[in-house]
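Report on the following structure.
The values are calculated or read from the model by the stated rules, or taken from the named source; none is laboratory data. Please read these numbers as outputs of a predicted model, since none were measured by experiment. Here the Cβ positions follow ideal geometry from the backbone for every residue, glycine too, while neighbour counts run over all protein chains shown. To get the accessible areas, we keep the full protein, side chains included, count just its heavy atoms, and leave off ligands, DNA and RNA. Shrake-Rupley method; radii C 1.70, N 1.55, O 1.52, S 1.80 Å.
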Amino acid sequence: MAMPTVAFIGRPNVGKSTIFNRIAGDRISIVEDTPGVTRDRIYSHGEWLTTKFAMIDTGGIQISDAPFSTQIKSQAEIAIDEADVIVFIVSGKEGVTRDDEQVAKILYRSNKPVVLAVNKVDNPENRENIYDFYSLGFGDPMPISGVHGLGIGDLLDKVVEAFPKVDDQIDNDDIRFSIIGRPNVGKSSLVNAILGEDRVIVSDIAGTTRDAIDTRFEADGIKFTMVDTAGIRKRGKVYENTERYSVMRAMKAIDQSSVILFVINAEEGIREQDKKVAGYAHEAGKAIITVVNKWDTLKKTNHTQQDFETLIRNEFQYMAYSPIIFVSAVTKQRIEKLPQLIKQVYDNHEKRVQSSALNDVIMDAVAVHPTPTVNGKRLRIYYATQVKAGPPTFVVFVNNPDLMHFSYVRFLENQIRENFDFSGTPIKIIKRSRK
Ligand code: GDP
Ligand code: GDP
């Protein structure tokens, strides 16, 4: 779960997002000759040989109306704070510029490994141009072409080599969770409320990067690691309240957790950014608790809670499994219920059910609600089995997967949920034809 992170940094237009999108692997974003058009995502995953990693395109985090020096300083700070390895990208077409030198100067001050990539070396004949870049002081420049996909493998070899060794990363049985939500919903206040007086804070083990930002504690006899607590504490940096930064930060924390406390501000209701983050957590297969904070601020009647619940269920229909809890970090209302609730959804997320019991449920479901017929062909379900937990993932063997539409998959999911307690966790159903 602890995936290393690589960040791309460089002045505008050197090709950061082109390279990011190429490594992210899909070809959804077509690279056009207009700067900025490729930049629809700033956080994604990559894989090289057997190593999976997270990637940040720092060029996508911009502070509106700030001058170049502020922009680049913020982007470099983000790279230094968030990444295990930094890829500094320059352009072989233009040679070393003063802006490149400015970026280099900020990166000197970090202790993070920096790999220097000279992009736009589309033609091997131009490779001589790369020697100028030794002057930046980051060792051998790697010639690449983001557009043509040249040199990317060599670059990634170097990046992967510089990642921290696996044994530097913590490995324990703690329940890992993170607190996610827009700025000002009360995440820091919730951290303090959860860590309250009588929780045992398990001491930080010095020396690893992860420990600096994660907090271990024990509550009700259960061991937890709260992921990315440092990201929640205010550090007063200019970029912290930009939406793209906080979404990126949330995605990164979600990747490192099993359980997500998705926090909504009762005073403000639901916003677009909330949906982006919740959608990511759902797609990533994480257990999710919906926490409505600042519950103390509402004047309540006897249907306020019901109304709020209906609103949430409407906005997040795909997350019907997520329990909703109404809390106040200030008055501590219901905060004491959170450790048990986290444990409960975690257990469901890791749950495995017996094949025999599962198949009884599936066969009963088929008996009640016969499989559909498409163009005279009837869907036949032979067998189902759970292949994975975290989240629970089921394979259903059928005669022809095309005959099993979304609505029938949904029906089976509901039947499974009615018979086994999977509250708090998404479940995945994979249809496969029996050979
Ligand atoms: P960013 O601002 O650093 O993210 O740069 P972009 O990825 O948006 O690229 C800026 C421009 O450079 C776009 O027009 C790209 O098509 C172009 N570009 C990116 N990589 C290469 C490359 O390897 N060779 C050439 N010739 N152009 C490139
Ligand atoms: P963050 O940006 O999500 O970490 O939010 P903070 O924890 O910094 O809280 C933002 C503001 O909301 C602060 O002024 C908090 O005192 C306030 N706040 C947080 N939780 C609650 C709550 O449950 N009730 C009330 N009334 N205010 C809260």
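Listed values, structure above:
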{"quantity": "Highest to lowest packing among 178-185, 109-116, scored as the average C-beta count within 10 Å", "calculated": "178-185, 109-116"}
{"quantity": "Test item: Cα-centred dipole of the chain, Lys/Arg +1 and Asp/Glu -1 on Cβ, debye", "calculated": "1080 debye"}
{"quantity": "Förster radius 35 Å - calculated FRET efficiency between residue 140 and residue 284 (Cβ-Cβ, nearest 0.05)", "calculated": "0.45"}
{"quantity": "Segments 140-146, 243-249 sorted - mean Cβ within 10 Å per residue, highest first", "calculated": "140-146, 243-249"}
{"quantity": "Distance in nm between pseudo-label sites at residue 241 and residue 296 (7 Å out along the Cβ direction from Cα)", "calculated": "2.3 nm"}
{"quantity": "Accessible area of the chain belonging to carbon and sulfur atoms, whole % at 1.4 Å probe", "calculated": "48 percent"}
{"quantity": "Ranked packing of 213-221, 382-390, most packed first, by mean Cβ within 10 Å", "calculated": "213-221, 382-390"}
{"quantity": "Lys, Arg +1 and Asp, Glu -1 on Cβ, resulting dipole of the stretch 347-424 about Cα centre, debye, nearest 20", "calculated": "300 debye"}
{"quantity": "22 Å Cα-Cα threshold exceeded, pairs from 112/158; 286/351; 276/300", "calculated": "276/300"}
{"quantity": "Neighbour net charge for residue 86 - beta-carbon separation under 13 angstrom, K R +1, D E -1", "calculated": "-1"}
{"quantity": "Set 165/223; 299/428; 52/431; 52/294 screened for pairs whose C-alpha atoms are more than 28 Å apart", "calculated": "299/428; 52/294"}
{"quantity": "Nitroxide proxy distance, nm - points 7 Å out along Cα→Cβ at residue 318 and residue 93", "calculated": "3.7 nm"}
{"quantity": "Theoretical FRET efficiency, 1/(1+(r/R0)^6), r = Cβ-Cβ of residue 122 and residue 273, R0 25 Å, to 0.05", "calculated": "0.05"}
{"quantity": "Selected from 263, 374, 231, residue furthest toward positive end of dipole (the chain; charges at beta carbon)", "calculated": "374"}
{"quantity": "Charge tally in the Cβ shell below 13 Å around residue 148, where Lys, Arg are +1 and Asp, Glu are -1, residue 148 excluded", "calculated": "+1"}
{"quantity": "Isotropically averaged projected area of the chain, using the convex hull of Cα atoms (one quarter of hull area), nm²", "calculated": "25.7 nm²"}
{"quantity": "The chain - accessible surface per residue (Å², probe 1.4 Å)", "calculated": "48 Å²"}
{"quantity": "Positive minus negative residues near residue 98 (Lys, Arg vs Asp, Glu; Cβ under 13 Å)", "calculated": "-2"}
{"quantity": "The chain, helix-only ellipticity at 222 nm - DSSP H runs n ≥ 4, -39,500 (n - 2.57), divided by all residues, nearest 500", "calculated": "-10000 deg cm²/dmol"}
{"quantity": "Residue 380 versus residue 417: modelled label distance in nm, points set 7 Å from Cα along the beta carbon direction", "calculated": "3.1 nm"}
{"quantity": "Theoretical gain in end-to-end length, residue 101 to residue 191 [0.36 nm per residue, Cα-Cα removed]", "calculated": "28.4 nm"}
{"quantity": "Inter-centroid distance (Cα atoms) of the stretch 358-428 relative to the stretch 216-260, Å", "calculated": "35 Å"}
{"quantity": "DSSP-defined beta bridges in the chain - what % are antiparallel, rounded to 5", "calculated": "40 percent"}
{"quantity": "Among 393, 340, 409 - extreme Cα towards positive end, dipole of the chain, charges at beta-carbon", "calculated": "409"}
{"quantity": "Between 0 and 90°, nearest 10: helix 406-419 axis offset from the chain longest Cα axis", "calculated": "60 degrees"}
{"quantity": "Angle between the chain longest axis and helix 243-255 axis [Cα atoms, degrees, rounded to 10]", "calculated": "60 degrees"}
